[in-house]
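Derivation of every value follows stated rules applied to the coordinates shown; laboratory data play no part. What you see is a predicted model; the values in this text were computed from it and never measured. Cβ placement follows ideal geometry from the backbone for every residue including glycine, while neighbour counts extend to all protein chains displayed.
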Amino acid sequence: MKYFILLLSTFILQSTIAQIEIPYDTLEVKRLTDSVGTNLANGNYLKTLDFSDQALKILGESNQSGTFVRRHKAHTWKRVNNFEEALKLYQVNYNICKQDTGWIVEEFISSMNMGRCFLEMGDLDSAIFYEKLAIANLVFDDFPGLTVAAHSILAEAYALVGDSKNAQKELEFLKFQGTRVPNDSEVIDDFALINIAQVHNLLGEFDSAIVYSRQVLSNNSSEFQKIDASKEIYVSYKNLNVVDSAFKYLQLHFKLKNQTGLERTFNKMLGIANDKRIINDSLQNQIAINKLKTENQAKLELEATRRTYLLLGISISVIFALVALYSYYKKRKSNIIISKQKIEVDKAHHLLTEKNQEILDSINYAKRIQSAILPPQKLLTEHMPNSFILYTPKDVVAGDFYWMEPSANGVYFAAADCTGHGVPGAMVSVICNGGLNRSVREFQLKEPGHILNKTRDLVIQEFEKSEEEVKDGMDIALCYLEGNTLSYAGANNPLWIVRNGEVLETKANKQPIGKYDKNEPFSSHTFELQKGDTVYLFSDGYPDQFGGPKGKKYKSGKFKKFLISIQEHSIENQRELLAEEFESWRGNMEQIDDVCVIGVRI
């Protein structure tokens with residue numbers, strides 16, 4: 001959707017910019033300004049930033065004459081998702097234009113784009129404020145295209161914040177006004193249709209969203225418009241649980257992005273690998289991993305077949321070599337046969353090496369996909385600043401994972417241990433992570449015990465689709481922290497609170513998240529924490545590790561004593577001390593399981 005805000009702004013400003021006299025100081029500034037606009041329109045973002053910096057160096061960073069250059073530079077940063085830098089430039093333009101009534105259109109554009117940046121950054125209240133401010137400054141009949149853009153962003157912000165009443169109100173405006181904008185091309189018509197589809201999706205009206213998105217695909221729309229339309233249809237079908245259709249439009253979305261070269265341009269700006277794909281929800285991760293599993297299985301079967309032929313070929317080669325050695329003095333021409341066979345063996349060995357590398361590359365790609373479900377470091381630092389996470393998978397991908405979900409007044413966090421490790425464990429972790437997300441986001445559950453009950457139902461429901469009985473699941477310790485009040489529920493994994501030199505343990509329900517002979521409701525426990533308390537959640541990978549001088553398990557008792565011994569250290573140092581203790585205990589022995597430990601100091 002953000003591509004269209006920029007596309008729409010460029011289209012509308014072509015008709016208004018000619019009416020505003022740009023106070024160029026020199027011909028060099030005019031040349032640089034023209035270069036900025038041309039390179040932005042052609043998608044040459046690095047050159048756009050370079051020419052913008054040269055022009056602003058002459059004009060001054062806050063000079064009114066640099067308003068248009070700053071706007072294009074801000075558009076560039078916004079196109080590559082650097083909303084913080086874009087917001088700074090829009091703010092400078094807004095402050096300048098606010099003082100001059102002759103710059104009302106530029107003031108509107110700055111305010112509207114500030115709202116868009118705040119929306120992308122998750123500050124929905126600020127997004128609503130600036131879009132309302134923008135709308136108040138222009139009349140629809142004077143600037144219909146700009147007004148449609150602002151109302152579209154406002155509708156999306158209302159839907160995201162949960163204000164369905166005002167979202168519907170803006171939606172009706174878009175349906176009535178958005179597709180009758182005079183004197184424009186289909187850009188604005190399709191822009192309004194895509195916004196209508198997106199708001200329908202956010203409001204849970206998925207069938208209506210599909211109707212409007214398909215209308216864009218059937219029009220003579222630009223590739224950028226089709227990119228967003230295909231994404232909205234994918235989101236609709238995914239929420240309707242029509243997996244085949246969802247995957248079809250997901251493939252179309254990525255295909256269109258590759259055709260436009262947009263992904264390659266973003267990668268160059270951000271310095272990331274060309275093949276990186278960020279998949280934003282659990283269903284998409286599950287589809288990708290299932291596909292990867294099928295491909296890997298086929299490759300493993302192919303590799304096994306080739307190994308059989310390779311061993312057979314080597315055996316035949318050995319026989320021929322013995323015969324050749326025996327008859328060497330009788331027939332020297334045997335050397336030719338031996339040479340040919342050696343070449344074949346070398347080819348087979350080279351082929352086997354390539355296939356092994358392909359399997360390793362596939363597993364590493366699975367790791368990138370699984371990493372997408374883990375909370376980013378920025379989110380952890382923002383909502384749990386005085387904490388640490390020790391996360392050490394046994395293999396490239398893991399069955400253990402940590403989870404966090406901010407709420408209005410607090411934060412949920414958990415340490416989970418899914419059945420198995422490696423690729424099978426990672427696949428189960430994606431399903432369980434999706435169940436936690438749906439329990440909090442979709443079903444709006446608050447109490448940890450209720451969240452685990454719903455997550456268990458969702459996981460069992462997902463596995464029941466299989467024709468075979470699946471008893472996989474997860475153990476988990478789940479907490480909700482609001483101020484100094486902590487709520488906890490657990491499936492096999494306990495909660496430890498270290499206070500005044502002792503460990504206060506709250507035991508979990510003795511049942512997993514998954515099929516079990518006797519499923520019972522999970523219990524929730526609430527505590528008032530004291531200053532200096534340290535809360536620990538963990539999987540069984542740490543205490544179950546074999547090592548030490550006698551090769552025995554570390555065990556929970558030793559784990560408790562070690563946690564007590566490091567309480568004088570900062571929470572950041574505790575993570576390093578725990579990691580060093582684990583490696584020292586393990587020594588030369590193999591790590592037997594994934595390790596996940598979370599610590600939070602009050």
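List of remarks:
- Extending 7 Å from Cα along the Cβ direction at Val318 and again at Glu469 yields two label points whose distance is 4.5 nm.
- Rounded D (µm²/s) - the range 374-453, Kirkwood Rh over Cα pairs, Stokes-Einstein at 10 °C, 1.306 mPa s: 118 µm²/s
- Evaluated over the Cα positions of the range 305-397, the convex hull gives a direction-averaged projected area, one quarter of its surface, of 9.1 nm².
- The range 194-236-the range 534-562 distance, computed between alpha-carbon centres (Å): 52 Å
- Between Ile359 and Glu583, full extension at 0.36 nm per residue minus the direct alpha carbon distance yields a gain of 77.8 nm.
- Model label points for Lys378 and Leu27, set 7 angstrom from Cα along the Cα-to-Cβ axis, are 4.4 nm apart.
- Using alpha carbons only, the radius of gyration of the range 325-465 set against its Kirkwood radius gives Rg/Rh = 1.36.
- Candidate lysines - alpha carbon under 20 Å from Lys175, same-chain residues fewer than 8 apart omitted: Lys2, Lys132, Lys165, Lys226
- Here the range 335-411 is treated with +1 on each Lys and Arg Cβ and -1 on each Asp and Glu Cβ, and its dipole about the Cα centre works out to around 260 debye.
- Put simply, the range 374-601 fits an ellipsoid with semi-axes of 26, 23, 16 Å; these come from the alpha carbon gyration tensor as the roots of five times its eigenvalues, largest first.
- For the range 81-119 versus the range 386-442, the inter-centroid distance based on Cα atoms is 39 Å.
- Each principal axis of the Cα cloud of the range 552-602 was taken in turn, and the coordinate range along them, longest first, works out to 34, 19, 16 Å.
- Working ranking of peptides 402-408, 449-455 by packing, defined as the average number of other Cβ atoms within 10 Å per residue, highest first, is 449-455, 402-408.
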